[in-house]
Amino acid sequence: MTRKPKLGQNFLIDDAARHAIADALGDLSQRTVIEIGPGHGAITSILAARCHGLIAIELDRALAAELRFQFRAQPQVEVFEADILSADFETLVPAAETVDVVGNLPYYITSPILFRLFTEGARGKLGRAVIMVQREVADRLSAAPGVRDYGLLSATAQMNARVETLFTLPPAAFSPPPDVYSTVLRLEFAPRFAELGVDAAGFDAFLKVCFAQKRKTLANNLRAAGYSQEALHLALPASIPPQARAESLALEPMAELYRALGRR
């Protein structure tokens, strides 16, 4: 009898893929890994033999119990029944340590999880992540300015990490098969806030305002957020055309505008 999936679960059953995902994390002999949504342990069982420590965060109570039993003789594996969106990284990760992340992210909360990872990466908690997302989300994460897929998620990802596309899997790689293809990405966390002379929290909020309405120009989005016409006129750098939309701009001119508005 096939277990009925809950919470948007599609379990990875492709053996080559689960090994390729574990391999993409590199040498883990001295590393701690957080696995998001381990399910039945397809990747967990590989990582348990490779890493210094493995923290499995599973929201499904029955699956968490199954994992605890499965890895009961392996003290390096800790299983937490928790929601990754509210998990306390300060408790999970020692103060002076960074961890790696792996996971098949649930489609229905992919973006919130990604933004949470970028926040933790900016705080210096994360080193690398190998994640599986819907192919369309992967396209957005790696999109360049000026193309249709570029938006807030793209800008935030590229502000916080180097994004590398590894491979794409068909629905048949999962049980039950989803309706979409899935892409595996590797994120090397390398926040650019200091390089671009901006503060993380303030610039993140600024990007959200800039991309608030995709059809609006950058200036219109900023005016809607409370910036005056005069302030924008004085702060707008030569690198940004007056009618530009946020989706057409690289991070450097966006940071230049943010700094100029801050000075005023």
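The values are calculated or read from the model by the stated rules, or taken from the named source; none is laboratory data. These figures come from a predicted structure and were not determined experimentally. Heads up, the Cβs are rebuilt from the backbone with ideal geometry, glycines too, and the neighbour counts pull from every protein chain shown. Ligands, DNA and RNA are stripped out before the accessible areas are found, and what is left, the full protein with its side chains, is counted by its heavy atoms. Shrake-Rupley method; radii C 1.70, N 1.55, O 1.52, S 1.80 Å.
Which distance in Å, rounded to a whole number, links the C-alpha centroids of segment 170-242 and segment 127-143?
16
Specify the longest stretch of the chain that does not include any exposed loop site, a site being one of the GluC sites (Glu not before Pro) with a non-H, G, I, E, B DSSP assignment and at most 16 other Cβ atoms within 10 Å.
The segment 98-194 is the longest one with no such site.
What does the extension gain come out to for residue 23 and residue 201, with contour length at 0.36 nm per residue minus their alpha carbon separation?
Values: separation 178, 0.36 × 178 = 64.08 nm, distance 3.32 nm.
60.8 nm is the gain from fully extending residue 23 to residue 201.
If you roll a 1.4 angstrom probe over the protein chains with everything in place, what fraction of the accessible area of segment 190-264 belongs to carbon and sulfur, to the nearest %?
51
Please express the shape of segment 61-115 as an equivalent ellipsoid: the semi-axes are the square roots of 5 times the eigenvalues of the C-alpha gyration tensor, given largest first in whole angstrom.
21, 18, 10
Can you show me the helix-derived [θ] at 222 nm for the chain, built from DSSP H runs with n ≥ 4 at -39,500 (n - 2.57) apiece and divided by the number of residues, rounded to the nearest 500.
Working: 11 runs with 95 residues, N = 264.
Per the formula, -10000 deg cm²/dmol.
Which value, in Å² and to the nearest 10, is the accessible area of residue 40 when all protein chains are kept and the probe is 1.4 Å?
Accessible area, nearest 10 Å²: 70 Å².
How high is the FRET efficiency from residue 243 to residue 62, r the C-beta distance, R0 41 Å, rounded to 0.05?
For residue 243 and residue 62, the calculated efficiency is 0.15.
Report the normalised scattering of segment 71-184 as log10 I(q)/I(0) at q = 0.12 Å⁻¹, calculated by the Debye formula with identical scatterers on the alpha carbons.
Debye intensities relative to I(0), on a log10 scale: -0.49.
Report the percentage of all Cα-Cα pairs in the chain whose separation exceeds 29 Å, rounded to a whole percent.
In whole percent, the long-distance tail amounts to 36.
Taking only protein heavy atoms into account and a 1.4 Å probe, give the accessible area per residue of the chain in Å².
Working: 12590 Å² over 264 residues.
Here the residues of the chain average 48 Å² of exposed surface.
Along the Cα→Cβ direction, 7 angstrom out, place labels at residue 168 and residue 194. What is the inter-label distance in nm?
3.7
Return the aspartates and glutamates within reach of residue 214: Cα separation strictly under 20 angstrom, same-chain partners fewer than 8 residues apart disregarded; answer none if there are no such residues.
Within reach: 136, 139, 149, 204, 247, 252.
For segment 82-143, what is the convex hull (Cα atoms) projected area averaged across all directions, in square nanometres?
Values: hull surface 17.4 nm².
Dividing the Cα hull surface by four gives the mean projection, 4.3 nm².
Would you please report the Å³ per residue occupied by the convex hull of the alpha carbon atoms in segment 116-182? Intermediate values should be presented prior to the final figure.
Values: hull volume 6.9 nm³, N = 67.
Given the Cα convex hull of segment 116-182, per-residue volume reads 103 Å³.
Is segment 12-107 best put as rounded, prolate or oblate by its Cα gyration tensor, with a ≥ b ≥ c the root eigenvalues, rounded for a/c under 1.5, and otherwise prolate when a/b is larger than b/c, oblate when not? Walk me through the numbers before you get to the answer.
Values: a/c = 1.33, a/b = 1.05, b/c = 1.27.
Note, shape of segment 12-107 comes out rounded.
Order 135, 128, 263 by their accessible area, 1.4 angstrom probe, all chains in place, largest first.
Order by accessible area, largest first: 263, 135, 128.
Carbon and sulfur together cover what percent of the accessible area of segment 1-116 at a 1.4 Å probe radius?
56
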